[in-house]
Amino acid sequence: MPLGPIEILCIKFPETAVSKDIATALKQLVDSQMIRIVDIIFVQKHGSGDVNMIEIDDMETIDHSFLDPLVADI
């Protein structure tokens, strides 16, 4: 199944502020067909300039179950 055109949306959160409220707002956008989520990746930049990227499935130490309704179709 072809995808495209695809636009990329980056959302900046202060510290680790990914919350259920954010997930709920994104779910409302998905349900209203305003957006379709193809992938989710978290990027963290440290004060030293080092950058870490992690896929949602690799987040073993963080409870991200509140994002499950968003990633069910990814």
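For the reader, a short list of remarks on this structure follows.
- Conditions (1) modelled with pLDDT of 80 or more; (2) under 10 Å from the mean Cα position of the chain (by Cα); number of the one not met by ILE56: (1)
- Filtered residue count, the range 12-36, keeping only those that are in contact with a helix residue (DSSP H, G or I) (Cβ under 8 Å, 6 or more places away or on another chain), modelled with pLDDT under 80 and open to solvent by 70 Å² or more (accessible area, probe 1.4 Å): 1
- The residue of the range 37-58 that is least open to solvent (accessible area, probe 1.4 Å), among those that are out of contact with any helix residue (DSSP H, G or I) (no Cβ under 7 Å at 6 or more places or on another chain) and assigned to a loop (DSSP other than H, G, I, E, B), is GLY49.
The values are calculated or read from the model by the stated rules, or taken from the named source; none is laboratory data. The model shown is predicted, which means the values in this text are computed figures rather than measured ones. So basically every Cβ, Gly included, is an ideal-geometry build from the backbone, and we count neighbours across all protein chains shown. Heavy atoms of the whole protein, side chains included, go into the accessibility calculation; ligands, DNA and RNA do not. Shrake-Rupley method; radii C 1.70, N 1.55, O 1.52, S 1.80 Å.
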